[in-house]
Each structure stands twice: as C-alpha cells, then as structure tokens.
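K.L.:
One structure, as structure tokens, below. Some questions next.
The values are calculated or read from the model by the stated rules, or taken from the named source; none is laboratory data. Only a predicted model underlies this, so the values are computations on that prediction, with no experimental measurement involved. Here the Cβ positions follow ideal geometry from the backbone for every residue, glycine too, while neighbour counts run over all protein chains shown. Quick note on the areas: whole protein, heavy atoms, side chains included, nothing else; ligands and nucleic acids left out. Shrake-Rupley method; radii C 1.70, N 1.55, O 1.52, S 1.80 Å.
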Amino acid sequence: QFTTRVVSCRAAELRPEGGGEPLRGFQVVLEDTILFPEGGGQVRAGLGWAGPGRGRVGAGGTDVPCPQPDDRGLIGDVPVLRVTRRGAEAVHFVPAALEPGSEVLLSLDWERRFDHMQQHSGQHLISAIAEQMFGFKTTSWELGRQRGVIELDTPLVTAEQVEALEKSVNEKIRDRVPVTVRELAADDPEIETVRSRGLPDDHVGPVRVVDIEGIDSNLCCGTHVSNLSDLQVIKLLGMEKGKKNKTNLVFLVGNRVLKSIEQSHSTEKALTSLLKNGPGEHVEAVKRLQSSVKLLQKNNLNLLRDIAVLIARDFKSKPTPKQLFVLHRKEGDSEFMNIIANEIGTEETLLFLTVGDEKEAGLFLLAGPVEAVENLGPRVAELLGGKGAGKRGRFQGKAAKMSRRGEVQALLQEFLSHQNPGA
C-alpha cells in the first residue's frame with residue numbers, strides 16, 4: 001500500500017481487452033504510484049514505481065518500453081481497471097471520479113504483481129543462459145496470461161538443448177543468485193556493456209539496469225524479484241515455429257508451474273475415472289477409443305448410403321411418381337443427399353433435401369431440371385438463411401434456419417403449379 005494524492009481526474013472511456021462496448025470512467029493521475037503501467041515505465045526496487053514528482057514514471061528513471069502487462073489495484077475502494085503510460089505520467093483508469101488534491105491510499109494487487117515479477121525475471125535468466133550456452137539471442141518476448149514466450153534468433157532448437165537449458169536455469173535458482181537494480185547516467189560508457197534493444201525517443205534522465213549477479217546485466221524498466229530463489233522453478237514447455245529463421249520458446253515460472261501441475265493432476269483424475277484405468281494406461285485407452293469411433297463412423301456412413309438408396313428406390317417404385325420429393329433427416333451429410341438425387345434422377349422430379357438439427361444449422365440440396373434449379377436455388381438459400389452454389393441442375397449449401405423448410409416447400413409447390421396448372 002502507498003499513500004499519495006490525486007493530481008487530476010477527467011472523464012474517459014476504456015475499450016475492454018476482449019472487445020465489446022467501451023466502459024465509461026475516469027483517467028486519474030496521482031502524485032506517485034506503485035502500479036506498473038502498460039507500455040512500460042521506471043520501476044524502483046521496493047515500491048514498484050517510486051520517487052517524488054507529480055505522477056511521473058519514477059522521477060529520474062528510464063522509460064524503456066517493456067512488454068510487461070500493467071498492474072491492478074485499488075485507489076481507496078475504487079478498483080483500477082487499467083494503468084497506461086502517457087509520457088512520464090502513469091494514467092489510472094477507474095470507474096468512479098476522485099477529487100483532485102485529495103489524499104488516497106493506493107493498494108496493489110500483489111498476486112498479479114508477483115506473477116509478473118517471476119515471469120519477467122525468469123525471462124531475463126532464460127535469455128541470458130540461452131545466449132551463454134548456445135549463442136541464441138533473444139529478439140523479443142511476450143508475457144501472456146497463461147504462459148510466456150521468448151523469441152530466439154535461431155531457426156532450430158533441439159530437444160537436448162531445451163533439456164540442458166532447463167537444467168541450467170534451475171541450478172541458478174537453487175544457487176540463490178541476487179537480483180539488483182542500479183541507475184547509470186545516460187552517457188555512462190558502461191551502458192555499452194549492458195544488454196539492450198535501445199532507448200525510446202522520449203527517454204530522459206538516468207538509465208535503469210537490472211543485474212543478475214554474475215549472469216546478466218540488462219536495461220529494463222520492468223518489475224523483478226530480488227533473488228532468483230523467488231522464482232521457485234522454471235519449466236520449459238517446448239518450442240514452436242516462429243517468424244522467419246526464428247524459434248519461440250514457451251516457458252512457465254514459479255506459481256504458474258504449480259498451477260499447471262494442479263490442472264494436469266485434475267485432468268488426470270478425471271481421465272482415470274472416465275477410462276477406468278491408471279494414468280500410465282490413459283494414452284493406450286484413448287487410442288483404442290479413437291479406433292472404435294472411426295470404425296463406428298465408417299459403419300454409420302455405410303448404413304446411411306444404404307438408407308439413401310432404399311429411400312430413392314421406394315420413391316421410384318410408386319405407380320405415379322410425384323413432381324416434388326421433399327426429405328429431411330437429422331443424421332446425414334452431402335453424400336447422403338447426392339446419393340438420393342443420383343438414384344431418383346432429376347430430369348423430371350424436383351428434389352428438396354435437408355440434413356441436420358432443425359433448431360440449428362444444417363445442409364440443403366435442391367436438384368431437378370436445370371432451369372428450375374437455377375431459378376429457385378438462390379431463393380431457397382435466402383429463405384433458409386444460408387449460402388450455396390450450383391451447376392448442372394444441383395444447388396447446395398449451408399442453411400442457418402432449418403425451421404423454415406416449410407416455407408421452401410410451399411415455394412417449390414407454387415412454382416410447380418405454375419409450370420403445370422393441371423397437376
């Protein structure tokens with residue numbers, strides 16, 4: 001917690017991260033803040049942000065952009081929904097207005113902050129060791145909600161290298177290596193020895209360096225642990241193909257590893273109950289189930305084909321075949337409908353076939369004389385709230401409103417009555 005004052009408060013809107021309607025609220029600037037902003041900013045050890053100075057991003061610090069998400073917390077009892085950087089200021093978005101000049105108690109969501117600290121310090125460690133061991137330079141990284149991703153400047157990382165890297169970073173955690181923060185003048189020649197992707201154009205003041213003792217020195221504005229032992233453990237989940245000639249390394253640090261284990265254990269317990277066997281037999285049991293499902297699907301398709309042929313032959317056996325044949329079946333596919341159309345023949349008969357759940361989306365087929373289908377096909381698709389295409393006397397597609405099949409049938413009957421008034 002941190003006591004500070006409100007400098008300004010103005011009405012604003014916030015676009016939710018997941019999309020949707022903007023939220024109405026207020027942008028608040030404080031004299032100082034302990035909440036880290038989206039887009040980066042100076043962070044001092046201890047408070048998070050700190051230092052005197054009209055809500056600045058830590059007076060006298062560097063404003064190096066940082067891919068670390070913003071903090072959450074409370075101003076008094078008002079929740080902070082977003083923190084962004086605007087120049088040297090931290091802007092807090094809140095749903096209720098705050099009085100400029102008033103003294104307020106700022107509270108930090110520590111669980112979220114500590115998670116970001118673990119992931120960010122873990123990334124520094126992984127990147128440093130990956131470069132030392134294999135010469136893999138980090139070109140970018142992302143701190144996601146579920147996992148972190150480091151982009152390595154190499155087209156290939158082997159499983160053996162991942163295993164060796166994971167072993168090495170966890171050894172450093174067990175060695176309890178200190179992590180410290182220092183500030184250098186912008187013109188200090190020592191900056192040239194520090195890993196960095198450069199300063200932003202609006203940078204002023206000293207430069208902030210995060211040191212992992214004996215392992216890494218990195219220009220950084222993010223929040224970090226004070227000792228590698230606080231990381232607990234690092235798990236490298238594996239590699240993913242990245243941009244051209246790059247590879248993405250996926251990782252978890254600390255509490256995220258524990259949460260992942262808990263989730264995996266819950267899944268394992270559920271599978272043990274469903275499959276009626278031990279965890280070591282789950283994979284083989286699922287393979288057997290997949291084989292059974294494929295066999296059942298194959299048999300089901302064969303039965304549907306036989307049913308389609310029987311339906312068509314039954315229609316053709318009638319002494320006076322009708323001009324219109326309409327059929328709906330919940331189970332079926334495009335092949336089922338086309339078999340019926342092939343067996344009946346469409347030179348004289350107009351067929352309207354549909355498959356799928358009547359309350360949901362499905363498939364339709366209109367088949368018959370070429371001119372009739374060309375005329376009616378688009379209108380049928382429109383009535384069914386779907387889209388389709390056709391050629392040579394067949395028009396088929398997807399339908400969103402299967403419940404309107406009756407309207408389509410009425411349209412077809414009206415069309416045929418005009419074609420043959422005496423029918």
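K.L.:
What do you reckon, how do F251, F315, F26 stack up by accessible area (1.4 Å probe), largest on top? Can you show the working numbers first?
P.N.:
Working: F251 0, F315 25, F26 55 Å².
Final ranking, largest accessible area leading: F26, F315, F251.
K.L.:
A further question on this structure: Angle, helix 255-275 long axis vs. longest principal axis of the chain, Cα atoms, 0 to 90°, nearest 10?
P.N.:
Between helix and principal axis, roughly 30 degrees.
K.L.:
How would K244, K287, K359 rank on accessible area, largest to smallest, probe 1.4 Å?
P.N.:
Values: K244 170, K287 105, K359 190 Å².
Largest to smallest exposure gives the sequence K359, K244, K287.
K.L.:
A further question follows. Under a 1.4 angstrom probe, counting protein chains only, how are I339, I75 ranked by accessible area, largest first?
P.N.:
Working: I339 30, I75 0 Å².
Sorted descending by solvent-accessible area, the residues read I339, I75.
K.L.:
I would also like to ask the following. How much of M133 can a 1.4 Å solvent probe reach, expressed as accessible area in Å² and rounded to 10?
P.N.:
80 Å²
K.L.:
Stretch L184-E348 to full length: gain in nm at 0.36 nm per residue minus the Cα-Cα span?
P.N.:
Values: separation 164, 0.36 × 164 = 59.04 nm, distance 8.87 nm.
The L184-E348 span can extend by a further 50.2 nm.
K.L.:
With every protein chain left in place, what is the accessible area of D211 in Å² (1.4 Å probe, nearest 10)?
P.N.:
Number for this one is 20 Å².
K.L.:
How much of the accessible area of segment 298-423, probe 1.4 Å, is carbon plus sulfur, in whole percent? The partial results should precede the final answer.
P.N.:
Working: 3630 of 7380 Å².
With neighbouring chains kept in place, the figure for segment 298-423 is 49 percent.
K.L.:
So how exposed is V309, as accessible area in Å² (1.4 Å probe, rounded to 10)?
P.N.:
Near enough 30 Å² of accessible area.
K.L.:
Label points 7 Å out from Cα along the Cβ direction at L301 and E192: separation in nm?
P.N.:
For the pair L301/E192, the computed spacing is 6.8 nm.
K.L.:
Work out the length of the dipole vector of the chain about its Cα centre, built from +1 on the beta-carbon of each Lys and Arg and -1 on the beta-carbon of each Asp and Glu, and round it to the nearest 20 debye.
P.N.:
On the way: 54 positive and 57 negative charges, 354 e Å.
Its charge dipole is roughly 1700 debye.
K.L.:
Mean residue ellipticity at 222 nm from the helices of the chain, using -39,500 (n - 2.57) per DSSP H segment of n ≥ 4 over the full residue count, to the nearest 500 deg cm²/dmol?
P.N.:
Working: 7 runs with 137 residues, N = 423.
Computed ellipticity for the chain at 222 nm equals -11000 deg cm²/dmol.
K.L.:
Out of (1) -0.35, -0.45, -1.04, -1.39; (2) -0.62, -0.71, -0.95, -1.14; (3) -0.45, -0.57, -1.02, -1.21, which label holds the value of log10 I(q)/I(0) by the Debye sum over Cα atoms at q = 0.07, 0.08, 0.12, 0.14 Å⁻¹ that was computed here?
P.N.:
Computed from the coordinates, log10 I(q)/I(0) by the Debye sum over Cα atoms at q = 0.07, 0.08, 0.12, 0.14 Å⁻¹ corresponds to (2).
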